[in-house]
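This report concerns only the one structure given below.
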Amino acid sequence: MKKPSPRSDVWLITMPFGPLFVPSIGLGLLQAALAQQGCASRTCYFTFRFAELIGQDVYGRINDETPTTDLVGEWLFAQALFPEPSETATARYVDEILRKNTTNGAAAYDEGWPLDESLIEEILTARQQVEPFLAECLEQVRAARPKVVGFTSTFQQNAAALALARHIKAHLPETCIVMGGANCEGAMGDELCRQFSFVDAIVSGEGEQVFPALVQRVLQKQPYGDLPGVFTRRAALPMLGQALSNAAQTEQLDELPFPLYDDFFAQLKASSLQPNGTPWLLMETARGCWWGEKHHCTFCGLNGQGMAYRSKSAPRALAEFKHLTDKHPGHPVSVVDNILNMDYFKNFIPQLAEHNPGVEVFYEIKANLKKDQLRALAAAGVTSVQPGIESLSDQVLQLMDKGVRALQNIQLLKWCKELGIEPQWNLLWGFPGEAAEEYARMAEFIPLLTHLPPPHAEARIRLDRFSPNYDQAEQRGFTRLSPYPAYGHVYRVPAAALNQLAYFFTFDYVVPRADWSYVEPVAEAIAEWRACHHDSTLFWVEKDERLLLWDARPVAQQPFMVLSGARKFALQACDQTRTAREVQQRWQAHSTKRADLRKSLDELVAQGLMLRQQDSYLALPIPSQLAAA
C-alpha cells in the first residue's frame, strides 16, 4: 500500500467497510475545500490494506453477500473497540445473527438470510487480521504526526473508525480526532461524543464550510466547540434530549470545489488489488430531494436533516463532469444525487449528450419520467438508473407517498429495456394498512413481465432513522421500536445509548400482523422472473399495415402473432399508459372507420399483451430495433 505523504497537517481517513473501488466524494470535497484555504491534506484509503490482508474476494463478499442489518463489518472491529468479548459472546453473534438461529417473537422485521458456512468461516478468519491491520494504520499515522485526523463514517465504518481513533489518541494525545458522515448526524453524532471520549469533535451535516474552519482553529490552538454542527464531549453532556442542529448547508452548490481523487487512484495503483471492473467516479449535481420537500417517502431516511433541495447550474455541472472525466479518463461516473433535477432536461442533459465522450453515467430518477426524457438520458450516456420503484401496487405506493402509479413503474421498466438503460430497483412490503389482495394481484400479473428487468431485491421494510415511519411511528402504525439485534453485539453500551447510536430499527405493528403468507406468491413469482428473464422476450416489428409480434415468455399464449387494424393501433397507442377514452379519441383522429377500441384493448389484456389497472392500459411488447431499420 502506498503510504500517504507524512508532511500534511491533516489526514482524512476512510476505513473498512467502505466501498472498496469507489473514491469517497465526502473526503474528496473536504480535501479540495482545505486546499482552497491553503491547507495541505492527504486522504488515506485504509480499505485497500484491509482487503489485501483478508483477501479481496472476502472483502467483497462481506460487503455484498451479508445483510446490511447484520453489521458484519462493524462486528469485526468491535473487539478492538471494547474489552475482548468472551467466546460465548462470539458464538452467540454467529448463531443468532449470521445463522439466524433465533426467534424474535415480538418484533416484526426482515431478519435477512442465514449465511453460508464458508462465508462465516471467512468472517471469523478475517477477524484475526483486525489488530495487525490497526497496528499498520497506527504506524503510518504516528510517523506523520498529523495535527488533525478526520474520519468519514457511513453505514459499516463506525467501529473501524472508532477503533483506529482510539489507538491514535492513545499514542498521539495532541492529535485532534474528528468524525463526520452519515453515522454522525444528529443524535447519533451526539451519542458518539458521550460514549467515546477519544473523539474530540463530531461534525453533523455538511462539512465543506465547518470542517476547514474547525481545522483552522485547531492549527491556531483556538477552541472550536461553538462552531454550528460541531459536537464535542464537553458540549454534549448537558444537551441530552435537546434539539441538535446541523452545520450550515451550502446554499450555492456552484461554490463547491471539484472533489479530489488523486490519493484514491495513487493508492489503488500501489496496492495489489485488482478491480473486477473500472472504478466509478463519484459526482454530485444536487443535494436534498425536491420530491421529499413536498412528499417525504415514508420509509426513506437518506437525507437526514438535509432535505432542502439545491442544485448546481448546468454550466457548473458540465464543467465538473468534463474536469473529472478528463483528469481520470476511462472511468464511468456515478451521480450521487438523491433525485435528478427536472430542469436539467432543458440544459445539462442535452449539453452532456453533446460533450460526453462515451462515458457511462448513473443517475437516480423519479419513475414517472416521459419517454422523451429517458431517451435524452440515454443519449447523454446514462446507462443505469435508480428509479425508486419499490412496489407494483397503487395502494402500497400511496402508503409510501411515492407520487406514482404502478403502471408508470412498469412503463419505465419497459422503456428502460427498449432504450438499453439498466434500472436498479427493489420491491418493499410490510406497510401498515397494505391489502393482501394487492399482493395476490401482483402475483397474477408478474409472469407477464418476465421480459423486463426484475427487481434486484425484495424485502420487508425496516425503520430507518430520519424517515417519517421512524419520526411518526405511532401515527403511521408502528410501535415498540428497537435497534436491530446486531447493534447489541457490536456496541457494548447502555440500552439508551444504543438507541441513540442505531440507524436501523425493528418494530411491532400497532395492529398486529401474524400471517405474512400473502407475500409468498409474489416472492415466488419474482424468483421465477429472475430465473427465466434472460430467455424471455416480447417484441414487435411493424411491416406495412401489420404488426408482427414474437412472444417467448413462459406464459406466452402464442409464440408469434400478427396484429392489424384496431388491435395494432391500440397496442401502439398504449406504448405509454392511456385510458380507453384517450385511445378511442386518438383512433377517431386517425381513421374515419368505426371501431370499438375498448374491445380491442380488452382482447389484448386477455392475450397477456397488455395490463389494465382501473381504466388505464399499458402495452407490454417492446418495439424491436428492427422496427427502426
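The values are calculated or read from the model by the stated rules, or taken from the named source; none is laboratory data. These figures come from a predicted structure and were not determined experimentally. Using ideal geometry, Cβ is built from the backbone for each residue, glycine included, and neighbour counts are taken over all protein chains shown. Remember, those area values only see protein heavy atoms, side chains included, never the ligands or the DNA or RNA. Shrake-Rupley method; radii C 1.70, N 1.55, O 1.52, S 1.80 Å.
Isolated cysteines of the chain, defined as having no other cysteine beta carbon under 4.7 Å away, are Cys39, Cys44, Cys137, Cys176, Cys184, Cys193, Cys289, Cys416, Cys532, Cys574.
Taking 21 Å as the straight-line reach from the Cα of Lys599, the lysines in range (excluding those fewer than 8 positions away in the same chain) are Lys568.
Run the helix sum for the chain: -39,500 (n - 2.57) per DSSP H stretch of 4+ residues, divided by residue count, reported at 222 nm to the nearest 500 deg cm²/dmol.
Working: 26 runs with 247 residues, N = 629.
Result for the chain: -11500 deg cm²/dmol, rounded to the nearest 500.
If the chain linking Lys370 and Asp226 were pulled fully straight, counting 0.36 nm for each residue of separation and taking away their Cα-Cα distance, it would gain 47.0 nm. Taking all protein chains into account, the per residue accessible area for the stretch 3-93 stands at 35 Å² (1.4 Å probe). Packing, taken as the mean count of other beta carbons within 10 Å per residue, orders the peptides 207-216, 251-260 from highest to lowest as 207-216, 251-260.
Taking the mean number of other Cβ atoms within 10 Å as a proxy for protection, how do you rank 48-55, 451-458 from highest to lowest?
Values: 48-55: 21.1, 451-458: 18.5.
Result, highest mean first: 48-55, 451-458.
Normalised by the number of residues in the chain, the mean separation of alpha-carbon contacts (under 8 Å, six or more apart) gives a relative contact order of 12 percent. Full extension of the chain between Lys269 and Glu121 gives 50.3 nm of extra length, using 0.36 nm per residue less the Cα-Cα distance. Rolling a 1.4 angstrom probe over the chain with all protein chains present gives an accessible area of which 50% lies on carbon and sulfur atoms. Of the labelled figures (1) 355; (2) 161; (3) 152, only one reflects volume of the Cα convex hull per residue in Å³ as derived from the coordinates, namely (2). Taking every lysine pair in the stretch 253-390 that is 8 or more places apart or spans two chains, those with Cα atoms closer than 17 Å amount to 7. Each of the peptides 77-90, 567-580, 415-428 was scored by the mean count of other Cβ atoms within 10 Å over its residues; in descending order, highest first, they stand as 567-580, 415-428, 77-90. Distance between the C-alpha centres of the stretch 556-629 and the stretch 33-107: 52 Å, rounded to the whole angstrom. In this label model, Lys100 and Trp550 are separated by 3.9 nm, measuring between points 7 Å along each Cα→Cβ vector.
Quote the relative contact order of the stretch 461-611 in percent (integer), defining contacts as alpha-carbon pairs under 8 Å separated by 6+ residues. Before the final figure, lay out each step's value.
Values: 145 pairs, mean separation 20.8, N = 151.
Relative contact order here is 14 percent.
The phi-based Karplus calculation (6.51 cos²θ - 1.76 cosθ + 1.60; θ = phi - 60°) puts the 3J(HN,Hα) values of the stretch 323-328 at 4, 5, 6, 6, 6, 10 Hz, whole numbers, x for Gly and Pro.
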